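Before any comments, here is the structure.
The values are calculated or read from the model by the stated rules, or taken from the named source; none is laboratory data. Everything quoted here is computed from the prediction, not taken from an experiment. No Cβ is skipped: glycine too gets one built from the backbone with ideal geometry, and neighbour counts run over all protein chains shown. Please note that ligands, DNA and RNA were not included when accessible areas were found on the heavy atoms of the full protein model with its side chains. Shrake-Rupley method; radii C 1.70, N 1.55, O 1.52, S 1.80 Å.
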Amino acid sequence: MLESGGFRMAKRAIITGITGQDGSYLAELLLSKGYEVFGVVRRASAPNHWRIQHLLDRLTLRPADLLDQLSLIRLVDEVRPYEFYNLAAMSFVPASWDQPMLTGEFNAQGVTRVLEAIRQVDPKIRLYQASSSEMFGKVREVPQNELTPFYPRSPYGVSKVFAHYITVNYRESYEMFAVSGMLFNHESPRRGLEFVTRKVTDGVARIKLGLADTLALGNLDAHRDWGFAGDYVRAMWMMLQQDVADDYVIATGISHSVGDLVQVAFDHAGLDWRKYVRLDPKLLRPAEVEHLIGDNSKARVQLGWEPTVDFTSLIKMMVDADLERVAKAPQLSDRLSTL
């Protein structure tokens, strides 16, 4: 806590992307630690607050946009946070092929705008930048660690490499406390339906409840290192509590295939996946990332971080949540999960 005039003040934190999966879990964590939390939202005709609905009376939402430098400078100047978590991004990898220019504006130049806003207003503000395992892409070694060379395989991955290195640049050039978390895939019941984990668990729920009879998927052989989002936001916070700014791989260190995901999800619902899953070539990526698995040794030793939810428990948690959600209000749950 910060001292001011003899009183103890709550630390202030800004979270961009607060309406997303990670933003909502991070907001919960910071509030539990006594932070004053400011969430950044883009102006939109329809609010997208379902993930943070239970927190709205404890948060302050502010308008700003990664495409608008002045809005970011004004935000930082008015809030004067102790910590800034930049989680906002165009985060769905396949969509980056449809909008590569916009992906670069948000994920690459947007980060530069955040860094520049902090540098101009108060370079002492601590910044967390959300890097991604997609930067490793066509992997040079297995598992991947902080020194593994990047070889991104999508416009999304390329944009995240730029964001990663511009963060390093500002840290080294301006002595800013700016860190990047190279987070591998992390999931939860709050994951968007467009991501394969939620697509599978939601599909299982619909099939189990008689609302669907097939589930279309792409490459069942692609491997990912999947963890629980709640564990990973804890690592974000821990990075900003260190004495020295540094970058960390956050991962479980265990890899599973999409086929494994399908097997666990359908088995948990008492279904035989082979009766329902069909392969759709249209769902294959132009350039697939085959085998992502992270080495979390540095985070374990230096941060004292480790995951608490294993892969099987994570998928079962998501299936249970989707079964409950779809059973309550199938049409409403569709709308909420796609906003």
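Summarising the amide proton neighbourhood of Arg62: residues at separation of 5 or more, or on other chains, whose placed amide H is nearer than 5 Å comprise Gly39, Val40, Val41. Between Leu193 and Leu61, the FRET efficiency from the beta-carbon distance, with R0 = 30 Å, is close to 0.80. On a per residue basis, the convex hull of the C-alpha atoms belonging to the range 1-148 measures out at 150 Å³. Within the accessible surface of the chain, defined with a 1.4 Å probe on protein heavy atoms only, the carbon and sulfur portion equals 51 percent. For Arg12, the residues whose amide H sits under 5 Å from its own are Glu36, Tyr82, Glu83, ignoring neighbours fewer than 5 places away on the same chain, with H placed 1.01 Å from N. Axis of helix 229-239 versus longest Cα principal axis of the chain: the two differ by about 20°, to the nearest ten degrees. Rounded to the nearest whole Hz, the Karplus-based 3J(HN,Hα) values (6.51 cos²θ - 1.76 cosθ + 1.60, θ = phi - 60°) of the range 207-218 follow the sequence 5, 4, 8, x, 9, 8, 10, 9, 9, 8, 9, x, with x at glycine and proline. In the context of the full set of protein chains, residues of the chain present 45 Å² of accessible surface per residue (probe radius 1.4 Å, heavy atoms only).
Modelled this way, with points 7 Å down the Cα-to-C-beta line, the labels at Asn145 and Lys328 are 4.5 nm from one another.
Put a plus charge on the Cβ of each Lys and Arg, a minus charge on the Cβ of each Asp and Glu, and nothing anywhere else: the dipole of the chain about its Cα centre is then about 660 debye. Its Kirkwood hydrodynamic radius, worked out from the mean inverse distance over all distinct Cα pairs, puts the chain at 20.6 Å.
Label point of Ala95 set 7 angstrom out along Cα-Cβ; within the range 132-173, amide nitrogens under 14 Å from it belong to 156. Label separation (Asp122 vs Asp221): 5.3 nm, computed from points 7 Å beyond Cα along the C-beta direction. Pulled fully out, how much extra length does the chain show between Val301 and Asp77, if you take 0.36 nm times their separation in residues and subtract their Cα-Cα distance? Here the segment from Val301 to Asp77 would lengthen by 77.1 nm. For the chain, the share of DSSP beta bridges that are antiparallel, to the nearest 5, is 15%.
With viscosity set to 0.692 mPa s at 37 °C, what whole-number translational diffusion coefficient in µm²/s follows for the range 164-224 from Stokes-Einstein and a Kirkwood radius over Cα pairs? For the chosen part, D equals 220 µm²/s. Only DSSP H runs of four or more residues enter the estimate; each adds -39500 (n - 2.57), and after division by the residues of the chain the mean residue ellipticity at 222 nm equals -11500 deg cm²/dmol.
Cross-link partners of Lys124 among lysines, defined as those whose alpha carbon lies under 16 angstrom from its own and excluding same-chain residues fewer than eight positions apart: Lys11.
Qualifying trypsin sites (Lys or Arg not before Pro) in the range 152-195, where qualification requires a DSSP coil assignment and no more than 12 other C-beta atoms within 10 Å, are lacking entirely.
Residue separation of Asp213 and Leu70 scaled by 0.36 nm, minus their Cα-Cα distance, works out to 46.5 nm of gained length.
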